[in-house]
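What follows is a short report on a single structure.
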Amino acid sequence: MEQLKYVGKSVIREDSYNKAAGKTRYVCDMKRHNMLYAKLVLSQKPHAEIEVDKSEAIKVEGIEAIYTYDDVPDVLYNSHEWYIGAKEYQDEYLLCNVARFVGDRVALVVGTSKRSVEKAISKLSIAYKELDTVIGLDQAKQGITTVKGDTNLAFSKKIVCGDYERKFGEADFIIKDKGKTQKIHHAALESHICLSEIDEHGSLVVWSPCQTAFQVQYHVASVLNIPFNRVRVIKSIMGGSFGGKGETVLEPICAFAAYRLNRPVMLYMDRKDTILGTRSRNATEISVETAIKADGTIIGRKIVADIDGGAYYTNSSAIIMSLGKKLFRLYDIKDQYYEGNTYYTNTIPGGACRGYGSPQAHAITEINIDNAANKIGMDPCEFRLKNLVYEGAKDPTGGPEIGNAKIRDCVIKGMKAFDWKDRRQSVKERNTERYAYGVGMACGAHGDGYKGAHPDFSDVDMIIFADGSVLVKISIHDQGCGTVTTMQQIASEALDISMDKVRVLEVDTIATPYDSAGTQASRVTFVCGGAVKSAGEKLRKKLIDSFCRLKNCGENSVIAANGIIYEKNSQERYTYGDIAVLLEKNYSESLSVFERYQSPANPATYAACFAEVKVDKYTGHVEILDLLAVHDIGKSINPLLVEGQIQGGAHMSIGMALMEEIEIDKKGYVKSTNFSKYHLFNAPQMPEVRVITIEENEPYGPYGAKSVGELAAVAPGPAVVNAVNFALGTNITTYPVTPEVIIKNILNLNRKEEHL
């Protein structure tokens, strides 16, 4: 194993102090001369034809413009499309005249101050002609009313390998479960915001805390019918996203206003608007049938996922494919059937959310795996070990190879560290009349990019300047998780130069080279990091070759380390910057490289999570006493950041398991519009999240690394639910497992026992 200087070290991010001290400038802190403020007016009805009377609102002092459907370009787009070749169904306008969910974009009010904008909104007169609604998957499937067109079915797809029906006939047992997962709000601290302006060169500039700047460029240019090269998108400092800023919700309409008025426009949202008017994690109903032999071998499985896509198409096809493909890469099941169906409803549209299908898929299937183990009296961990994939396994659907899969190591090491067997046997000895204790575990799988499905490449410009400093131009998007620091570490390692010499830029579509997909699909460390490593190695080779040309020596006699280059037997020492100067002076060249890096693979990444819970049978409250997350990540580029990602992901996952939900009533009205009603785990409620990483090198990853950020939000939730079910003897498969759900299941269990 090579000795690494920078990779594998816990480096504190450069921006940590400024963020902690409140010195960091976000978009909301930006000021421009003659800047205007804008706010969207969101529909208060779930389905209605709309007429807007702006006669009184436009009279408010300071109001510059009020736009409605009649004022915006008659151009459809799909906010999920991240590149023009994606060709998703387009059904969104900048503003609507038929609202299809509470939160749909009805109007845009632009004024000189937020006060004037808010006052004008209060004076808008909006007439709603209400239409029938489709709320929930049951109504969507019935099709009595449609959200649009002739059917509520937006997209359907099957993924099949082998002959599951034949295997079902050979099974000793078939274990069936049906469960539900809910709509989730991303809950980033920074609510949605955007700033657009026209610069001195006549370019339309968009400042956005986004995940996909070239996607923003594509949509703005297409909707406004202006050349791509006249649209400049600059990724601003971001206060969190978790997928919520992965679609172009605000940028096109904000750019439209700035373009039309020829003045800077800041479009802002408060928390309520961010919950109502952006995107949510897709709600699902998933049925699982698993065929097993008496010895615990899984021989076949059938999974049907019905997905609530919300009011617009957005990610209707993507969520089906993403959810489904994960189900073929965790267990060695050669005969498996998956069917996914996405339906329109009059609710918040679905979009990217941390894990992109994996949390929903494993939420139900991992409960079913526990039930299969229970059916034959087998320990859940032993049952999984009998069926989990091995390293080097093939994807049975023909997708990219699974790679150096170490999920079995995750389970084995997790069992030991958690003292699984003893705790599983003894935990119920602590039960009282009121409290029940239980332990549970679950596994999860995710990916490393888009290879095998979509273009997946990243371009890098890297240069060494005369002072020895290094500039890395790559179109990355740091969401607050330390992406810039990670890339610095990789570049420093590849060049063998200290990190304080390396600057890594975030995306600016006019200044940084093209990247195919942005921050999506857990591709950043694996693909973008691979690109930086490749560019750094290429530049280091050019450095050494240039030194050999200048000094007329062979490369075997040259040492380049710590920013210094020299011949082994010479006393002369040169900085990397010295060579940049000599190369320019003698050969009219810069010490720079351009690298176009295509992802070489898309291996799976894995985790196993173990949980102990205490359930109050009187109130239904669940306390998580212990949580252990074990991750197969290939190599930690920065262990400190990796641990933070795993702990943060656990917070999001157990929030999904126990309390988080965008609650929508039967008529389509959202009940949880702020953090007093949308419940998050607070710090005092969080258990200590213990972390173990399995670092066994992924051959195609930069220095052996693969993804962790999204996978971290997959296994903890079902591990906790399995622990609750073990504690109570229930089979809860509906998320979130709130106190009300627990009490209802306890009462049902008691009735069954009384009946017996």
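The values are calculated or read from the model by the stated rules, or taken from the named source; none is laboratory data. What you see is a predicted model; the values in this text were computed from it and never measured. Cβ sites come from the backbone with ideal geometry, for glycine too, and all protein chains shown count toward neighbours.
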Taking into account only those residues within the stretch 564-596 that are of a type in the set (G, A, S) and surrounded by fewer than 20 Cβ atoms within 10 Å (Cβ to Cβ), which is nearest to S534 (Cα to Cα)?
S592
Where the second residue is polar (S, T, N, Q) and surrounded by fewer than 19 Cβ atoms within 10 Å (Cβ to Cβ) and the first is closer than 17 Å to A255 by Cβ and lies in the stretch 53-77, which pairs have Cβ atoms under 6 Å and are six or more apart or on separate chains?
L76/Q90; Y77/Q90
Can you tell me which residue is nearest to G277 (Cα to Cα) among those in the stretch 1-55 that are among the hydrophobic types (A, V, I, L, M, F, W, C) and in contact with a Gly (Cβ under 7 Å, 6 or more places away or on another chain)?
L42
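Enumerate the strands (runs of 3 or more DSSP E) found wholly within the stretch 196-270, keeping only those where 1 or more residues are polar (S, T, N, Q).
Values: elements: 204-208, 231-235, 265-268.
The strands (runs of 3 or more DSSP E) meeting that bar are 204-208.
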Starting from residues that are polar (S, T, N, Q) and more than 22 Å from E493 (Cβ to Cβ), keep the ones in the stretch 557-574 and report whichever is modelled with the highest pLDDT.
S557
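Looking only at strands (runs of 3 or more DSSP E) that fall completely inside the stretch 470-584, which ones have 1 or more residues that are without any contact (Cβ under 8 Å) to a residue 12 or more places away in the chain and of a type in the set (V, I, T)?
On the way: elements: 470-476, 502-506, 558-561, 564-567.
Here the list reads 558-561.
Where residues in the stretch 453-469 are more than 25 Å from the chain's Cα centre (by Cα) and in a loop (DSSP other than H, G, I, E, B), which of them is surrounded by the fewest Cβ atoms within 10 Å (Cβ to Cβ)? Don't jump to the end; show me each part of the working.
Going residue by residue through the stretch 453-469, those that are more than 25 Å from the chain's Cα centre (by Cα) are 461-469.
Of the ones still in play, those that are also in a loop (DSSP other than H, G, I, E, B) are 465-469.
Values: F465: 17, A466: 15, D467: 12, G468: 19, S469: 17.
Checked the stretch 453-469; the qualifying residue surrounded by the fewest Cβ atoms within 10 Å (Cβ to Cβ) is D467.
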Search the stretch 265-294 for residues being within 30 Å of M378 (Cα to Cα) and among the charged types (D, E, K, R), and hand back the single one that is nearest to the chain's Cα centre (by Cα).
E285
Which condition number in (1) surrounded by fewer than 21 Cβ atoms within 10 Å (Cβ to Cβ); (2) in a strand (DSSP E or B); (3) in contact with a helix residue (DSSP H, G or I) (Cβ under 6 Å, 6 or more places away or on another chain) is the one that S191 fails?
(2)
So for the stretch 677-695 (the condition being crowded, with 23+ Cβ neighbours inside 10 Å, over 17 Å from F418 (Cα atoms) and in contact (Cβ under 8 Å) with a residue 12 or more places away in the chain), does at least one residue qualify?
no
Considering only residues that are surrounded by fewer than 24 Cβ atoms within 10 Å (Cβ to Cβ) and in a strand (DSSP E or B), which ones fall in the stretch 304-324?
V304, D306
Complete set of residues in the stretch 505-536 that are out of contact with any helix residue (DSSP H, G or I) (no Cβ under 7 Å at 6 or more places or on another chain) and of a type in the set (V, I, T)
I510, T512, T519, V527
Among residues of the stretch 132-156, those that are loosely packed, with under 14 Cβ neighbours inside 10 Å and in contact (Cβ under 8 Å) with a residue 60 or more places away in the chain, counted:
1
Identify, by number, the condition in (1) surrounded by 24 or more Cβ atoms within 10 Å (Cβ to Cβ); (2) within 25 Å of L627 (Cα to Cα); (3) out of contact with any strand residue (DSSP E or B) (no Cβ under 9 Å at 6 or more places or on another chain) that S426 doesn't meet.
(1)
Counting only residues that are within 25 Å of the chain's Cα centre (by Cα) and modelled with pLDDT of 95 or more, give me the strands (runs of 3 or more DSSP E) lying completely in the stretch 45-157 with at least 3 of them.
none
Quick check: is even one residue across the stretch 685-694 touching a Lys or Arg at 6+ places or on another chain (Cβ under 9 Å), among the aliphatic types (A, V, I, L, M) and assigned to a strand (DSSP E or B)?
yes
For residues that are touching a helix residue (DSSP H, G or I) at 6+ places or on another chain (Cβ under 9 Å) and at pLDDT below 95, scanning just the stretch 14-38, find the one that is farthest from E64 (Cα to Cα).
E14
So Y437 clears everything in (1) part of a helix (DSSP H, G or I); (2) under 18 Å from L625 (Cβ atoms); (3) not acidic (D, E) except one condition, right? Which one?
(1)
